[in-house]
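These notes concern the structure reproduced below.
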Amino acid sequence: MQRARRWRALFLVRGALPILCLTALLTGAPAQAQTPWTPVDLPESCQSPDHVHGRATVAHVFDGDTVRLDDGTRVRLIGLDTPEYHHRNPDLDPEPFAEEAHDALSALLAYHGHQVIVVHDRELHDRFQRLLAHLFTPDGQSVTALMLAQGLATRLTIPPNDWNLDCYRDAERRAGEARLGLWALPEHRLFDARELPRDAEGFRRVEGRVVRIGESSRAVWINLEGDVALRVDHPDLANFPELDVRALENQRVRARGHVYNHRGQPRIRIRHPANLEVLEP
């Protein structure tokens, strides 16, 4: 599959060259390599970086959110999560829109000559020792926001790396309202907590009334109607300075994140306020 993708991407670029050369002969304009990338308008909240930690060349695209630079550094883009290719289990088919996300990121980078601006956040590496970074095109557009705006990724906020959050939130909201890409999938709709399937997995958005607040040795548990549990680990409570989690009982909340299942109960770990919204009564 990897080889097929590479040949398809090569065809998209090389297939355009004869047309470009003919155009150049007829118009006298210099022929330039083109890619299938279509420019995307970003929300006003998306600004060019005012602090730059480096410039680099991308040598390889693993998927829609992970690349390798030409010096060998593997970079996990901050602020988004794209569908999985299941690199570690090739027997599994890619998730919906995994190929589209890979190809869109490849096309975007090719359009800009594979050049990127690298911006660090507060935490530099993840548990896999990948560099965590916000990447920008040479003209200052956020790569994360461009992917979100096309509906090819969901916003992922993992503290303490929450710089540019407003931009990413607005770009995702715009794609969601237009039902682009992932947002046209049934599993990406907003679920009433009572209707979330017991075997649900992957990214989900749920809304419901809090019926009980519990606490274990490791976490505070926000239990919603429908037996859906939101987990806030004790160390993550510091990320919610303006919210008394224990006072949420009987309030309606909206949560987002990756669902995992424990003994038949759907659970979502909540680490940042951007993933938990308290709704008006």
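So for Leu237, Leu230, fewest C-beta neighbours within 10 Å to most, what's the order? Before the final figure, lay out each step's value.
Values: Leu237 14, Leu230 26.
So the ranking, lowest neighbour count to highest, is Leu237, Leu230.
With the crude spin-label approximation of a point 7 Å out along Cα→Cβ, what separation in nm comes out for Asp91 versus Glu195?
Placing both labels 7 Å beyond Cα along the Cβ direction yields 3.5 nm.
Indicate the gyration tensor shape class of region 94-242 (rounded, prolate or oblate), computed on the Cα atoms with a ≥ b ≥ c the square roots of the eigenvalues: a/c under 1.5 is rounded; otherwise a/b larger than b/c is prolate and the rest oblate.
Numbers: a/c = 2.38, a/b = 1.47, b/c = 1.62.
Taking the square roots of the gyration eigenvalues as a ≥ b ≥ c, region 94-242 is oblate.
Taking the Cα centre of region 189-278 as origin and charging only Cβ (+1 Lys, Arg; -1 Asp, Glu), how large is the dipole, in debye to the nearest 20? Don't skip to the answer; put the middle values down first.
Numbers: 17 positive and 14 negative charges, 43 e Å.
Value, rounded to 20: 200 debye.
Please report the relative contact order for region 35-181, taking Cα pairs under 8 Å with a sequence separation of at least 6, and give it as a percent rounded to a whole number.
29
How would you classify region 47-97 from its alpha-carbon gyration tensor, with a ≥ b ≥ c the square roots of the eigenvalues: rounded for a/c under 1.5, else prolate if a/b is greater than b/c, otherwise oblate? Show your work: numbers first, answer last.
Numbers: a/c = 3.68, a/b = 1.79, b/c = 2.06.
Since a/c reaches 1.5 but b/c is at least a/b, the shape of region 47-97 is classed as oblate.
Using just the C-alpha positions of the chain as equal point scatterers, what log10 of I(q)/I(0) does the Debye formula give at each q in 0.16 1/Å?
-1.32
With the dipole of region 35-181 worked out from charges on the C-beta (+1 for Lys and Arg, -1 for Asp and Glu) around the Cα centre, which of Gln129, Phe97, Met147 lies farthest toward the positive end?
The residue sitting farthest along the positive end of the dipole is Gln129.
Two-decimal Rg/Rh of region 189-278 from alpha-carbon positions, Kirkwood Rh? List each step's numbers first, then the result.
Values: Rg = 11.7 Å, Rh = 12.8 Å.
Taking Rg over the Kirkwood Rh, I get 0.92.
Among Ser217, Ser142, Ser45, rank each residue by its count of other Cβ atoms within 10 Å, from fewest to most, as a rough exposure measure. List each step's numbers first, then the result.
Working: Ser217 5, Ser142 27, Ser45 14.
Fewest-to-most ranking of Ser217, Ser142, Ser45: Ser217, Ser45, Ser142.
Using a/c under 1.5 as the rounded threshold, could you call region 35-181 rounded, prolate or oblate? The axes a ≥ b ≥ c are square roots of the C-alpha gyration tensor eigenvalues, and prolate needs a/b larger than b/c, oblate otherwise.
rounded
Set Lys and Arg Cβ to +1 and Asp and Glu Cβ to -1, take the dipole of the chain about its Cα centre, and tell me which of Leu180, Tyr260, Gly54 lies farthest positive.
Tyr260
Pulled fully out, how much extra length does the chain show between Arg246 and Glu44, if you take 0.36 nm times their separation in residues and subtract their Cα-Cα distance?
Computed gain between Arg246 and Glu44 is 69.1 nm.
Order by neighbour count: Arg189, Arg252, fewest other Cβ atoms within 10 Å first, most last.
Details: Arg189 12, Arg252 17.
Listing Arg189, Arg252 from fewest to most nearby Cβ atoms yields Arg189, Arg252.
Taking the highest mean first, how do the peptides 254-260, 197-203 order by number of other beta carbon atoms within 10 angstrom per residue? Please report the intermediate quantities before stating the final value.
Working: 254-260: 18.1, 197-203: 13.7.
Ranking the peptides 254-260, 197-203 by packing returns 254-260, 197-203.
Around Arg263, under 15 Å between beta carbons, what's the net of Lys plus Arg minus Asp minus Glu among the other residues? The partial results should precede the final answer.
Working: positive: Arg198, Arg231, Arg267; negative: Asp199, Glu201, Asp227.
After counting each charged neighbour, the total is 0.
Taking K and R as +1 and D and E as -1, what net charge do the other residues with C-beta under 15 Å from the C-beta of Ser217 add up to? Walk me through the intermediate numbers first.
Details: positive: Arg218, Arg231; negative: Glu215, Asp233, Asp236.
My count for the surroundings of Ser217 gives -1.
Could you give the size of the charge dipole of the chain about its Cα centre, using +1 on the Cβ of each K and R and -1 on the Cβ of each D and E, expressed in debye and rounded to the nearest 20? Intermediate values should be presented prior to the final figure.
Values: 35 positive and 40 negative charges, 122 e Å.
My answer is approximately 580 debye.
Quick one: putting +1 on the C-beta of Lys and Arg, -1 on the C-beta of Asp and Glu, what dipole do you get for region 69-134 around its Cα centre, in Debye to the nearest 20? Kindly include the intermediate steps, with their values, before the conclusion.
Working: 6 positive and 13 negative charges, 78 e Å.
That gives a dipole near 380 debye.
Per-residue counts of other Cβ atoms within 10 Å, averaged by peptide: what ranking do you get for 144-157, 52-65, 122-135, highest first? It would help to have the intermediate numbers written out before the result.
On the way: 144-157: 26.1, 52-65: 17.4, 122-135: 14.9.
Those peptides, ordered most packed to least, come out 144-157, 52-65, 122-135.
Over the chain, what is the relative contact order in percent, taking alpha-carbon pairs closer than 8 angstrom and at least six residues apart?
Details: 533 pairs, mean separation 37.7, N = 281.
That works out to 13 percent.
Quick one: compute the contact order of region 206-281, relative version, from alpha carbon pairs under 8 angstrom and 6+ residues apart, as a percent. Walk me through the numbers before you get to the answer.
On the way: 144 pairs, mean separation 24.6, N = 76.
Computed over region 206-281, the figure is 32 percent.
Applying the Karplus parametrisation 6.51 cos²θ - 1.76 cosθ + 1.60 with θ = phi - 60° to the phi angles of region 143-160, what ³J(HN,Hα) value in whole Hz is obtained for each residue in order, glycine and proline being reported as x?
5, 4, 5, 5, 5, 4, 5, 8, x, 9, 7, 10, 5, 10, 10, 10, x, x
Coordinate-derived values only; no laboratory data. Fair warning: this is a prediction, and the values are worked out from it, not measured in the lab. All Cβ positions, glycine included, derive from the backbone under ideal geometry; neighbour counts span all protein chains shown.
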